[in-house]
Amino acid sequence: GGVGDAAAEVQLSRLRWAVLLLFSSYSLCNAFQWIQYSSVNNVFVRFYGVSTFAIDWLSMSYMLLYIPLLFPVAWLLDKRGLRLIALAGSALNAMGAWVKLGSLKPHLFPVTVLGQVICSVAQVFILGMPSRIASVWFGSHEVSTACSIAVFGNQLGIAAGFLVPPVLIPNVEDVEKLAYHISIMFFMTAGVASALFILVIIVFKEKPPNPPSRAQASIQSQPTAEYSYMQSILRLLRNINFLLLMITYGLNVGCFYALSTLLNRMVIHHYPGEEVNAGRIGLTIILSGMVGALISGIWLDKTKTYKQTTLVVYIMSLVGMIVYTFTLSLGHLWVVFVTAGLLGFFMTGYLPLGFEFAAELTYPESEGTSSGLLNVSAQIFGIAFTIGQGQIMDRFGTKAGNLLLCSVLFLGTVMTAFIKADLRRQQANLENEQT
(Lines give C-alpha, C1' and ligand atoms only; values in the text may rest on other atoms or scores of the structure.)
Protein backbone atom coordinates (compact mmCIF):
# COMPACT_ATOMS: atom_id res chain seq x y z
CA GLY A 1 0.00 0.00 0.00
CA GLY A 2 2.99 2.33 -0.48
CA VAL A 3 1.34 4.32 -3.27
CA GLY A 4 -1.92 4.64 -1.32
CA ASP A 5 -0.02 5.85 1.75
CA ALA A 6 1.82 8.47 -0.32
CA ALA A 7 -1.46 9.70 -1.81
CA ALA A 8 -3.06 9.93 1.63
CA GLU A 9 -0.14 11.95 2.99
CA VAL A 10 -0.75 14.86 0.58
CA GLN A 11 -3.24 17.19 2.25
CA LEU A 12 -3.85 20.95 2.35
CA SER A 13 -3.83 22.77 5.70
CA ARG A 14 -6.42 25.44 6.55
CA LEU A 15 -3.72 27.43 8.31
CA ARG A 16 -1.91 28.08 4.99
CA TRP A 17 -3.87 31.25 4.21
CA ALA A 18 -3.24 32.73 7.69
CA VAL A 19 0.52 32.07 7.32
CA LEU A 20 0.51 33.65 3.85
CA LEU A 21 -1.46 36.71 4.98
CA LEU A 22 0.80 37.25 7.99
CA PHE A 23 3.95 37.00 5.89
CA SER A 24 2.49 39.44 3.34
CA SER A 25 1.68 41.88 6.16
CA TYR A 26 5.13 42.10 7.74
CA SER A 27 6.69 42.12 4.26
CA LEU A 28 4.38 45.10 3.53
CA CYS A 29 5.62 46.93 6.64
CA ASN A 30 9.27 46.36 5.70
CA ALA A 31 8.76 47.52 2.09
CA PHE A 32 7.02 50.67 3.38
CA GLN A 33 10.15 51.51 5.37
CA TRP A 34 12.31 51.02 2.27
CA ILE A 35 10.67 53.78 0.23
CA GLN A 36 9.32 56.12 2.97
CA TYR A 37 12.30 58.49 2.65
CA SER A 38 12.60 58.53 -1.16
CA SER A 39 8.91 59.35 -1.72
CA VAL A 40 9.45 62.71 0.06
CA ASN A 41 13.15 63.02 -0.80
CA ASN A 42 13.15 66.84 -0.95
CA VAL A 43 11.52 67.16 2.52
CA PHE A 44 14.05 64.90 4.26
CA VAL A 45 16.92 66.63 2.43
CA ARG A 46 15.84 69.92 4.02
CA PHE A 47 15.04 68.46 7.46
CA TYR A 48 18.37 66.68 7.94
CA GLY A 49 20.44 69.16 5.90
CA VAL A 50 21.97 66.41 3.73
CA SER A 51 22.27 65.85 -0.05
CA THR A 52 19.67 64.09 -2.21
CA PHE A 53 22.28 61.38 -2.77
CA ALA A 54 22.44 60.73 1.01
CA ILE A 55 18.66 60.21 1.09
CA ASP A 56 18.90 57.96 -1.99
CA TRP A 57 21.40 55.85 -0.02
CA LEU A 58 18.74 55.22 2.66
CA SER A 59 16.86 53.35 -0.05
CA MET A 60 19.98 51.77 -1.56
CA SER A 61 21.08 50.43 1.86
CA TYR A 62 18.35 47.78 1.40
CA MET A 63 20.01 46.69 -1.83
CA LEU A 64 23.59 46.89 -0.57
CA LEU A 65 23.16 44.86 2.63
CA TYR A 66 21.18 42.13 0.89
CA ILE A 67 24.18 41.08 -1.22
CA PRO A 68 26.60 39.89 1.54
CA LEU A 69 23.85 38.69 3.91
CA LEU A 70 21.84 36.56 1.47
CA PHE A 71 24.02 33.45 1.69
CA PRO A 72 24.14 33.12 5.49
CA VAL A 73 20.36 33.77 5.69
CA ALA A 74 19.58 31.29 2.87
CA TRP A 75 21.76 28.71 4.68
CA LEU A 76 19.84 29.42 7.88
CA LEU A 77 16.51 28.99 6.03
CA ASP A 78 17.61 25.56 4.80
CA LYS A 79 19.05 24.43 8.15
CA ARG A 80 16.56 25.93 10.62
CA GLY A 81 13.41 26.38 8.51
CA LEU A 82 10.71 28.98 7.87
CA ARG A 83 9.65 29.84 11.43
CA LEU A 84 13.05 31.07 12.64
CA ILE A 85 13.48 33.20 9.50
CA ALA A 86 9.97 34.67 9.94
CA LEU A 87 10.67 35.53 13.60
CA ALA A 88 14.02 37.15 12.78
CA GLY A 89 12.60 39.18 9.87
CA SER A 90 9.59 40.53 11.77
CA ALA A 91 11.66 41.24 14.93
CA LEU A 92 14.36 43.22 13.08
CA ASN A 93 11.67 45.09 11.15
CA ALA A 94 10.05 46.25 14.43
CA MET A 95 13.42 47.09 15.99
CA GLY A 96 14.45 49.29 13.05
CA ALA A 97 11.13 51.14 13.21
CA TRP A 98 11.63 51.95 16.91
CA VAL A 99 15.24 53.14 16.38
CA LYS A 100 14.01 55.66 13.78
CA LEU A 101 11.93 57.32 16.52
CA GLY A 102 15.22 58.48 18.02
CA SER A 103 16.06 60.55 14.92
CA LEU A 104 13.51 63.39 15.17
CA LYS A 105 16.08 66.22 15.31
CA PRO A 106 17.95 67.60 12.25
CA HIS A 107 21.37 66.62 13.70
CA LEU A 108 20.32 62.98 14.27
CA PHE A 109 20.60 61.76 10.67
CA PRO A 110 23.06 58.96 11.74
CA VAL A 111 20.30 57.51 13.99
CA THR A 112 17.84 57.31 11.09
CA VAL A 113 20.60 55.64 9.05
CA LEU A 114 21.03 53.03 11.84
CA GLY A 115 17.26 52.37 11.92
CA GLN A 116 17.20 51.96 8.14
CA VAL A 117 20.19 49.60 8.25
CA ILE A 118 18.37 47.35 10.77
CA CYS A 119 15.29 47.35 8.48
CA SER A 120 17.62 46.51 5.57
CA VAL A 121 18.88 43.44 7.45
CA ALA A 122 15.24 42.46 8.14
CA GLN A 123 14.56 42.55 4.39
CA VAL A 124 17.16 39.79 3.83
CA PHE A 125 14.94 37.53 5.97
CA ILE A 126 11.87 38.47 3.88
CA LEU A 127 12.66 38.75 0.16
CA GLY A 128 13.52 35.12 -0.57
CA MET A 129 10.52 33.66 1.27
CA PRO A 130 7.54 33.88 -1.16
CA SER A 131 8.30 30.85 -3.32
CA ARG A 132 9.43 28.82 -0.27
CA ILE A 133 6.18 29.54 1.65
CA ALA A 134 4.16 28.77 -1.50
CA SER A 135 5.91 25.40 -2.00
CA VAL A 136 5.87 24.29 1.65
CA TRP A 137 2.24 25.27 2.37
CA PHE A 138 0.30 25.21 -0.95
CA GLY A 139 -0.84 22.58 -3.44
CA SER A 140 0.52 22.29 -6.99
CA HIS A 141 -2.65 23.88 -8.45
CA GLU A 142 -2.36 27.05 -6.29
CA VAL A 143 1.39 27.46 -5.73
CA SER A 144 1.90 30.28 -8.29
CA THR A 145 -1.13 32.20 -7.00
CA ALA A 146 0.21 31.87 -3.43
CA CYS A 147 3.62 33.13 -4.52
CA SER A 148 1.95 36.12 -6.21
CA ILE A 149 0.01 36.96 -3.04
CA ALA A 150 3.23 36.73 -0.98
CA VAL A 151 4.97 39.16 -3.37
CA PHE A 152 1.74 41.22 -3.39
CA GLY A 153 2.31 42.26 0.26
CA ASN A 154 5.74 43.67 -0.52
CA GLN A 155 4.33 45.64 -3.44
CA LEU A 156 1.46 46.95 -1.33
CA GLY A 157 4.05 48.19 1.20
CA ILE A 158 5.90 50.11 -1.52
CA ALA A 159 2.53 51.51 -2.65
CA ALA A 160 1.83 52.71 0.92
CA GLY A 161 5.36 54.11 1.03
CA PHE A 162 4.57 56.27 -1.98
CA LEU A 163 1.11 57.32 -0.80
CA VAL A 164 1.36 57.87 2.98
CA PRO A 165 4.55 59.95 3.57
CA PRO A 166 3.57 62.84 1.21
CA VAL A 167 0.17 63.00 2.99
CA LEU A 168 1.53 62.77 6.55
CA ILE A 169 4.58 65.02 6.01
CA PRO A 170 3.65 68.32 4.29
CA ASN A 171 6.47 70.41 2.84
CA VAL A 172 6.46 73.09 5.59
CA GLU A 173 9.30 75.46 6.52
CA ASP A 174 9.02 75.14 10.33
CA VAL A 175 11.46 72.42 11.49
CA GLU A 176 9.50 71.74 14.73
CA LYS A 177 6.29 71.16 12.76
CA LEU A 178 8.17 68.95 10.32
CA ALA A 179 9.60 66.87 13.19
CA TYR A 180 6.07 66.44 14.60
CA HIS A 181 4.70 65.19 11.27
CA ILE A 182 7.66 62.81 10.79
CA SER A 183 7.15 61.45 14.34
CA ILE A 184 3.53 60.51 13.52
CA MET A 185 4.72 58.38 10.59
CA PHE A 186 7.50 56.75 12.61
CA PHE A 187 5.18 55.97 15.58
CA MET A 188 2.52 54.42 13.35
CA THR A 189 5.11 52.24 11.59
CA ALA A 190 6.68 51.05 14.86
CA GLY A 191 3.25 50.17 16.32
CA VAL A 192 2.20 48.13 13.29
CA ALA A 193 5.59 46.36 13.04
CA SER A 194 5.45 45.37 16.75
CA ALA A 195 1.90 44.01 16.47
CA LEU A 196 2.91 41.90 13.45
CA PHE A 197 5.94 40.50 15.31
CA ILE A 198 3.66 39.34 18.15
CA LEU A 199 1.30 37.70 15.62
CA VAL A 200 4.22 35.87 13.97
CA ILE A 201 5.19 34.41 17.39
CA ILE A 202 1.61 33.15 17.90
CA VAL A 203 0.50 32.07 14.40
CA PHE A 204 3.49 31.26 12.16
CA LYS A 205 4.27 27.52 12.02
CA GLU A 206 7.24 25.73 10.44
CA LYS A 207 5.20 23.60 8.01
CA PRO A 208 1.75 21.99 7.72
CA PRO A 209 1.11 18.54 9.31
CA ASN A 210 1.07 16.92 5.84
CA PRO A 211 2.88 17.93 2.61
CA PRO A 212 0.56 19.89 0.27
CA SER A 213 1.86 18.40 -3.02
CA ARG A 214 3.60 15.28 -4.33
CA ALA A 215 6.69 17.33 -5.26
CA GLN A 216 6.90 18.62 -1.65
CA ALA A 217 6.31 15.10 -0.25
CA SER A 218 9.22 13.85 -2.36
CA ILE A 219 11.54 16.60 -0.99
CA GLN A 220 10.49 15.97 2.62
CA SER A 221 11.15 12.22 2.26
CA GLN A 222 14.82 12.80 1.37
CA PRO A 223 17.34 12.29 4.20
CA THR A 224 18.68 15.65 5.44
CA ALA A 225 22.26 14.35 5.46
CA GLU A 226 22.18 14.16 1.66
CA TYR A 227 21.70 17.94 1.34
CA SER A 228 24.70 20.28 0.98
CA TYR A 229 24.07 24.03 0.78
CA MET A 230 27.27 24.87 -1.13
CA GLN A 231 26.68 22.02 -3.57
CA SER A 232 23.17 23.38 -4.13
CA ILE A 233 24.53 26.85 -5.03
CA LEU A 234 27.16 25.34 -7.35
CA ARG A 235 24.47 23.26 -9.11
CA LEU A 236 22.34 26.39 -9.57
CA LEU A 237 25.28 28.36 -11.00
CA ARG A 238 25.95 25.55 -13.49
CA ASN A 239 22.31 25.65 -14.70
CA ILE A 240 22.51 27.81 -17.85
CA ASN A 241 18.76 28.50 -18.00
CA PHE A 242 18.74 29.63 -14.38
CA LEU A 243 21.81 31.85 -14.94
CA LEU A 244 20.05 33.57 -17.86
CA LEU A 245 16.94 34.06 -15.72
CA MET A 246 19.07 35.41 -12.85
CA ILE A 247 20.59 38.11 -15.09
CA THR A 248 17.31 39.04 -16.81
CA TYR A 249 15.45 39.17 -13.47
CA GLY A 250 18.18 41.43 -12.07
CA LEU A 251 17.96 43.79 -15.05
CA ASN A 252 14.16 44.11 -14.83
CA VAL A 253 13.86 44.44 -11.05
CA GLY A 254 16.98 46.66 -10.88
CA CYS A 255 15.20 49.08 -13.26
CA PHE A 256 12.14 49.00 -10.99
CA TYR A 257 14.28 49.80 -7.90
CA ALA A 258 15.97 52.72 -9.66
CA LEU A 259 12.64 54.08 -10.95
CA SER A 260 11.04 53.83 -7.47
CA THR A 261 13.98 55.51 -5.69
CA LEU A 262 14.27 58.40 -8.17
CA LEU A 263 10.56 58.91 -8.97
CA ASN A 264 10.09 61.87 -6.58
CA ARG A 265 13.06 63.69 -8.16
CA MET A 266 11.81 63.00 -11.70
CA VAL A 267 8.27 64.23 -11.12
CA ILE A 268 9.29 67.30 -9.05
CA HIS A 269 11.72 68.27 -11.85
CA HIS A 270 8.91 68.46 -14.44
CA TYR A 271 6.03 69.35 -12.08
CA PRO A 272 7.38 71.54 -9.21
CA GLY A 273 5.39 71.43 -5.95
CA GLU A 274 3.62 68.18 -6.87
CA GLU A 275 5.06 66.01 -4.06
CA VAL A 276 1.68 64.44 -3.27
CA ASN A 277 1.03 63.59 -6.93
CA ALA A 278 4.55 62.16 -7.24
CA GLY A 279 3.58 59.77 -4.42
CA ARG A 280 0.30 58.98 -6.19
CA ILE A 281 2.15 58.19 -9.43
CA GLY A 282 4.34 55.76 -7.46
CA LEU A 283 1.17 54.30 -5.95
CA THR A 284 -0.30 53.86 -9.45
CA ILE A 285 2.83 51.98 -10.61
CA ILE A 286 2.60 49.59 -7.66
CA LEU A 287 -1.18 49.04 -7.60
CA SER A 288 -1.33 48.26 -11.32
CA GLY A 289 1.71 45.99 -10.81
CA MET A 290 -0.10 44.13 -8.03
CA VAL A 291 -2.98 43.45 -10.39
CA GLY A 292 -0.43 42.28 -12.98
CA ALA A 293 1.28 40.02 -10.41
CA LEU A 294 -2.00 38.42 -9.33
CA ILE A 295 -3.15 37.85 -12.92
CA SER A 296 0.30 36.38 -13.74
CA GLY A 297 0.07 33.94 -10.81
CA ILE A 298 -3.45 32.77 -11.69
CA TRP A 299 -2.49 32.49 -15.38
CA LEU A 300 0.58 30.35 -14.54
CA ASP A 301 -1.46 27.99 -12.34
CA LYS A 302 -3.95 27.53 -15.20
CA THR A 303 -1.56 27.25 -18.17
CA LYS A 304 1.98 26.45 -16.84
CA THR A 305 3.36 28.56 -19.76
CA TYR A 306 6.29 29.99 -17.77
CA LYS A 307 8.64 30.88 -20.64
CA GLN A 308 6.01 32.44 -22.92
CA THR A 309 4.40 34.48 -20.12
CA THR A 310 7.77 35.75 -18.85
CA LEU A 311 8.83 36.83 -22.35
CA VAL A 312 5.55 38.65 -23.11
CA VAL A 313 5.64 40.49 -19.76
CA TYR A 314 9.28 41.48 -20.35
CA ILE A 315 8.51 42.88 -23.83
CA MET A 316 5.57 44.87 -22.44
CA SER A 317 7.78 46.23 -19.61
CA LEU A 318 10.13 47.58 -22.29
CA VAL A 319 7.22 49.11 -24.23
CA GLY A 320 5.84 50.68 -21.02
CA MET A 321 9.27 52.16 -20.14
CA ILE A 322 9.66 53.70 -23.61
CA VAL A 323 6.16 55.26 -23.47
CA TYR A 324 6.78 56.60 -19.93
CA THR A 325 10.16 58.10 -20.98
CA PHE A 326 8.72 60.12 -23.85
CA THR A 327 5.52 61.29 -22.12
CA LEU A 328 6.97 62.40 -18.74
CA SER A 329 7.89 65.88 -19.98
CA LEU A 330 4.66 66.64 -21.92
CA GLY A 331 3.27 68.79 -19.09
CA HIS A 332 0.12 66.73 -18.47
CA LEU A 333 0.09 64.90 -15.13
CA TRP A 334 -2.80 62.65 -16.16
CA VAL A 335 -0.70 61.29 -19.03
CA VAL A 336 2.09 60.41 -16.55
CA PHE A 337 -0.47 58.56 -14.38
CA VAL A 338 -1.66 56.49 -17.37
CA THR A 339 1.82 55.62 -18.68
CA ALA A 340 3.11 54.86 -15.16
CA GLY A 341 0.15 52.51 -14.63
CA LEU A 342 0.92 50.68 -17.90
CA LEU A 343 4.60 50.38 -16.94
CA GLY A 344 3.82 49.15 -13.41
CA PHE A 345 1.33 46.51 -14.59
CA PHE A 346 4.06 44.64 -16.45
CA MET A 347 7.29 45.61 -14.66
CA THR A 348 6.00 44.88 -11.13
CA GLY A 349 3.85 42.01 -12.40
CA TYR A 350 7.10 40.33 -13.47
CA LEU A 351 8.33 39.78 -9.86
CA PRO A 352 6.41 36.56 -8.95
CA LEU A 353 6.91 35.25 -12.49
CA GLY A 354 10.68 35.26 -11.96
CA PHE A 355 10.42 33.45 -8.60
CA GLU A 356 8.09 30.76 -9.95
CA PHE A 357 10.02 30.24 -13.20
CA ALA A 358 13.21 29.82 -11.10
CA ALA A 359 11.49 27.27 -8.83
CA GLU A 360 10.52 25.28 -11.94
CA LEU A 361 13.97 25.45 -13.57
CA THR A 362 15.85 24.47 -10.41
CA TYR A 363 13.65 21.79 -8.72
CA PRO A 364 14.48 20.03 -6.38
CA GLU A 365 16.87 22.73 -5.13
CA SER A 366 15.65 24.95 -2.29
CA GLU A 367 13.36 27.79 -3.41
CA GLY A 368 15.00 30.02 -0.79
CA THR A 369 18.37 29.65 -2.51
CA SER A 370 17.10 30.24 -6.06
CA SER A 371 14.97 33.23 -4.96
CA GLY A 372 17.92 34.60 -3.01
CA LEU A 373 20.22 34.48 -6.02
CA LEU A 374 17.58 36.25 -8.13
CA ASN A 375 17.33 38.95 -5.47
CA VAL A 376 21.12 39.38 -5.22
CA SER A 377 21.19 40.00 -8.96
CA ALA A 378 18.34 42.54 -8.57
CA GLN A 379 20.10 44.39 -5.72
CA ILE A 380 23.42 44.64 -7.60
CA PHE A 381 21.75 45.98 -10.73
CA GLY A 382 19.45 48.16 -8.59
CA ILE A 383 22.39 49.96 -6.95
CA ALA A 384 24.20 50.38 -10.29
CA PHE A 385 21.11 51.72 -12.08
CA THR A 386 20.07 54.03 -9.21
CA ILE A 387 23.52 55.63 -9.03
CA GLY A 388 23.95 55.67 -12.83
CA GLN A 389 20.50 57.07 -13.56
CA GLY A 390 20.83 59.64 -10.74
CA GLN A 391 24.15 60.91 -12.14
CA ILE A 392 22.80 61.01 -15.72
CA MET A 393 19.68 62.88 -14.55
CA ASP A 394 21.83 65.49 -12.75
CA ARG A 395 23.97 66.10 -15.86
CA PHE A 396 21.75 65.40 -18.88
CA GLY A 397 18.14 65.43 -17.61
CA THR A 398 15.46 62.87 -16.78
CA LYS A 399 14.92 61.65 -20.37
CA ALA A 400 18.55 60.55 -20.72
CA GLY A 401 18.32 58.73 -17.37
CA ASN A 402 15.16 56.89 -18.44
CA LEU A 403 16.72 55.95 -21.79
CA LEU A 404 19.39 54.07 -19.82
CA LEU A 405 16.61 51.91 -18.32
CA CYS A 406 15.01 51.40 -21.75
CA SER A 407 18.29 50.05 -23.18
CA VAL A 408 18.71 47.73 -20.17
CA LEU A 409 15.19 46.30 -20.58
CA PHE A 410 15.84 45.72 -24.29
CA LEU A 411 18.93 43.67 -23.40
CA GLY A 412 16.91 41.70 -20.84
CA THR A 413 14.17 40.95 -23.38
CA VAL A 414 16.68 39.50 -25.86
CA MET A 415 18.29 37.33 -23.14
CA THR A 416 14.88 36.06 -21.92
CA ALA A 417 14.20 34.70 -25.41
CA PHE A 418 17.16 32.31 -25.00
CA ILE A 419 15.89 30.66 -21.77
CA LYS A 420 14.67 27.07 -22.34
CA ALA A 421 11.50 26.04 -20.48
CA ASP A 422 12.91 23.06 -18.55
CA LEU A 423 9.97 22.70 -16.11
CA ARG A 424 11.40 20.19 -13.60
CA ARG A 425 8.85 20.73 -10.81
CA GLN A 426 5.93 20.14 -13.19
CA GLN A 427 7.65 17.00 -14.45
CA ALA A 428 8.08 15.71 -10.85
CA ASN A 429 4.37 16.25 -10.11
CA LEU A 430 3.37 14.48 -13.35
CA GLU A 431 5.68 11.50 -12.73
CA ASN A 432 4.41 11.11 -9.16
CA GLU A 433 0.80 11.25 -10.32
CA GLN A 434 1.50 8.55 -12.92
CA THR A 435 3.13 6.24 -10.34
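The values are calculated or read from the model by the stated rules, or taken from the named source; none is laboratory data. What you are looking at is a predicted structure, and each value in this text was computed from that prediction instead of being measured. Backbone-built Cβ (ideal geometry, glycine too); neighbour counts: all protein chains shown. Just the protein is used for accessible areas: all its heavy atoms, side chains included, with ligands, DNA and RNA removed. Shrake-Rupley method; radii C 1.70, N 1.55, O 1.52, S 1.80 Å.
Hey, can you tell me all the residues within segment 101-112 that are surrounded by fewer than 20 Cβ atoms within 10 Å (Cβ to Cβ) and under 16 Å from Ala54 (Cα atoms)? So that I can check it myself, show each step before the final result.
Quick first cut of segment 101-112, residues surrounded by fewer than 20 Cβ atoms within 10 Å (Cβ to Cβ) only: 101-102, 104-111.
Listed by number, the residues that qualify are Pro106, His107, Leu108, Phe109, Pro110, Val111.
Return yes or no: is Val167 of a type outside the set (Ser, Thr, Tyr), in contact with a helix residue (DSSP H, G or I) (Cβ under 8 Å, 6 or more places away or on another chain), in a helix (DSSP H, G or I) and at pLDDT below 85?
Working: of a type outside the set (Ser, Thr, Tyr): yes; in contact with a helix residue (DSSP H, G or I) (Cβ under 8 Å, 6 or more places away or on another chain): yes; in a helix (DSSP H, G or I): yes; at pLDDT below 85: no.
In short, no.
Residue-wise test of (1) at pLDDT 90 or above; (2) in a helix (DSSP H, G or I).
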residue: Leu342; (1), (2): yes, yes
residue: Ile383; (1), (2): no, yes
residue: Asp394; (1), (2): no, yes
residue: Lys420; (1), (2): no, no
residue: Asn429; (1), (2): no, yes
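Could you please tell me which pairs satisfy a Cβ distance under 6 Å, a separation of 6+ or placement on different chains, a first residue in segment 154-174 that is within 26 Å of Leu294 (Cβ to Cβ), and a second residue that is open to solvent by less than 30 Å² (accessible area, probe 1.4 Å) and of a type in the set (S, T, N, Q)?
Pairs that qualify, where the first residue is within 26 Å of Leu294 (Cβ to Cβ) and the partner is open to solvent by less than 30 Å² (accessible area, probe 1.4 Å) and of a type in the set (S, T, N, Q), are Asn154/Ser27; Gln155/Thr348; Gly161/Gln36; Gly161/Ser39; Phe162/Ser39; Pro165/Gln36; Pro165/Ser39.
Just checking, does segment 357-368 include any residue being closer than 21 Å to Phe152 by Cα and aliphatic (A, V, I, L, M)? Can you show your working first?
Step one: filter segment 357-368 for residues closer than 21 Å to Phe152 by Cα, giving 357-360, 367-368.
With the extra rule that they be aliphatic (A, V, I, L, M), the set shrinks to 358-359.
Yes, some residue in segment 357-368 is closer than 21 Å to Phe152 by Cα and aliphatic (A, V, I, L, M).
Here is a yes/no grid of residues against (1) among the hydrophobic types (A, V, I, L, M, F, W, C); (2) open to solvent by less than 10 Å² (accessible area, probe 1.4 Å); (3) under 17 Å from Val164 (Cα atoms); (4) touching a strand residue (DSSP E or B) at 6+ places or on another chain (Cβ under 9 Å):
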site: Tyr249; (1), (2), (3), (4): no, yes, no, no
site: Thr261; (1), (2), (3), (4): no, yes, yes, no
site: Thr284; (1), (2), (3), (4): no, no, yes, no
site: Leu287; (1), (2), (3), (4): yes, no, yes, no
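Count, please, the residues in segment 72-100 that happen to be touching a Ser or Thr at 6+ places or on another chain (Cβ under 7 Å) and either closer than 21 Å to Gln155 by Cα or surrounded by fewer than 24 Cβ atoms within 10 Å (Cβ to Cβ) (or both). Quick ask: steps written out before the conclusion?
From segment 72-100, those touching a Ser or Thr at 6+ places or on another chain (Cβ under 7 Å) are 74, 78, 94, 97, 100; that's our starting set.
If we keep only those that are either closer than 21 Å to Gln155 by Cα or surrounded by fewer than 24 Cβ atoms within 10 Å (Cβ to Cβ) (or both) too, we end up with 78, 94, 97.
Of the residues in that region, 3 qualify.
Every residue in segment 289-309 that is over 20 Å from Ser135 (Cα atoms) and open to solvent by less than 60 Å² (accessible area, probe 1.4 Å), please.
Of the residues in segment 289-309, the ones over 20 Å from Ser135 (Cα atoms) are 289-292, 308-309.
Within segment 289-309, Gly289, Met290, Gly292, Thr309 qualify.
The rows are residues; the columns are (1) out of contact with any Leu (no Cβ under 7 Å at 6 or more places or on another chain); (2) within 30 Å of Arg80 (Cα to Cα); (3) crowded, with 23+ Cβ neighbours inside 10 Å.
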{"residue": "Leu156", "(1), (2), (3)": "no, yes, no"}
{"residue": "Gly161", "(1), (2), (3)": "yes, no, yes"}
{"residue": "Pro165", "(1), (2), (3)": "yes, no, yes"}
{"residue": "Leu168", "(1), (2), (3)": "yes, no, no"}
{"residue": "Ala215", "(1), (2), (3)": "yes, yes, yes"}
{"residue": "Leu236", "(1), (2), (3)": "no, yes, no"}
{"residue": "Val267", "(1), (2), (3)": "yes, no, yes"}
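For Phe355, state whether it is open to solvent by 20 Å² or more (accessible area, probe 1.4 Å) and either assigned by the TED database to the domain that holds Ala159 or in a helix (DSSP H, G or I) (or both). Explain how you work it out, then say what you get.
Details: open to solvent by 20 Å² or more (accessible area, probe 1.4 Å): no; either assigned by the TED database to the domain that holds Ala159 or in a helix (DSSP H, G or I) (or both): yes.
So Phe355 fails the test.
Which residues, taken from segment 407-417, are part of a helix (DSSP H, G or I), touching a helix residue (DSSP H, G or I) at 6+ places or on another chain (Cβ under 8 Å) and surrounded by fewer than 18 Cβ atoms within 10 Å (Cβ to Cβ)? Give the derivation first.
The initial filter retains those residues of segment 407-417 that are part of a helix (DSSP H, G or I), namely 407-416.
Checking which are touching a helix residue (DSSP H, G or I) at 6+ places or on another chain (Cβ under 8 Å) leaves us with 408-413, 415-416.
Of everything in segment 407-417, those that are part of a helix (DSSP H, G or I), touching a helix residue (DSSP H, G or I) at 6+ places or on another chain (Cβ under 8 Å) and surrounded by fewer than 18 Cβ atoms within 10 Å (Cβ to Cβ) turn out to be Phe410, Leu411, Met415.
Considering segment 129-146 alone, what residues qualify as being within 27 Å of Gln33 (Cα to Cα) and open to solvent by 10 Å² or more (accessible area, probe 1.4 Å)? Break it down stepwise before answering.
Quick first cut of segment 129-146, residues within 27 Å of Gln33 (Cα to Cα) only: 129-134, 144-146.
Arg132, Thr145, listed by residue number.
Report yes if Asn241 is under 23 Å from Val408 (Cβ atoms), touching a residue at least 24 places away in the same chain (Cβ under 8 Å) and open to solvent by less than 20 Å² (accessible area, probe 1.4 Å), otherwise no. Please lay out each step first, then the result.
Values: under 23 Å from Val408 (Cβ atoms): yes; touching a residue at least 24 places away in the same chain (Cβ under 8 Å): yes; open to solvent by less than 20 Å² (accessible area, probe 1.4 Å): no.
It is false that Asn241 is under 23 Å from Val408 (Cβ atoms), touching a residue at least 24 places away in the same chain (Cβ under 8 Å) and open to solvent by less than 20 Å² (accessible area, probe 1.4 Å).
What residue, among those in segment 320-340 that are buried (at least 21 other Cβ atoms within 10 Å of the Cβ) and without any contact (Cβ under 8 Å) to a residue 60 or more places away in the chain, is farthest from Leu287 (Cα to Cα)? Give the steps one after another, and end with the answer.
Initial filter on segment 320-340 (buried (at least 21 other Cβ atoms within 10 Å of the Cβ)): 320-321, 324, 328, 336, 339-340.
Those still in the list that are without any contact (Cβ under 8 Å) to a residue 60 or more places away in the chain too: 320, 339-340.
Numbers: Gly320: 15, Thr339: 13, Ala340: 10 Å.
Restricting to residues being buried (at least 21 other Cβ atoms within 10 Å of the Cβ) and without any contact (Cβ under 8 Å) to a residue 60 or more places away in the chain, the top hit is Gly320.
Condition test on Tyr314, is it crowded, with 23+ Cβ neighbours inside 10 Å and modelled with pLDDT of 90 or more?
On the way: crowded, with 23+ Cβ neighbours inside 10 Å: yes; modelled with pLDDT of 90 or more: yes.
Considered against the rule, which asks whether it is crowded, with 23+ Cβ neighbours inside 10 Å and modelled with pLDDT of 90 or more, Tyr314 comes out as yes.
Please work out if Ile182 is assigned by the TED database to the domain that holds Met129 and touching a residue at least 12 places away in the same chain (Cβ under 8 Å). Step through it out loud before you land on a result.
Details: assigned by the TED database to the domain that holds Met129: yes; touching a residue at least 12 places away in the same chain (Cβ under 8 Å): yes.
When the stated conditions are applied, Ile182 passes them.
In segment 27-71, which residue that is touching a helix residue (DSSP H, G or I) at 6+ places or on another chain (Cβ under 8 Å), over 24 Å from Gly282 (Cα atoms) and of a type outside the set (A, V, I, L, M) is surrounded by the most Cβ atoms within 10 Å (Cβ to Cβ)?
Phe71
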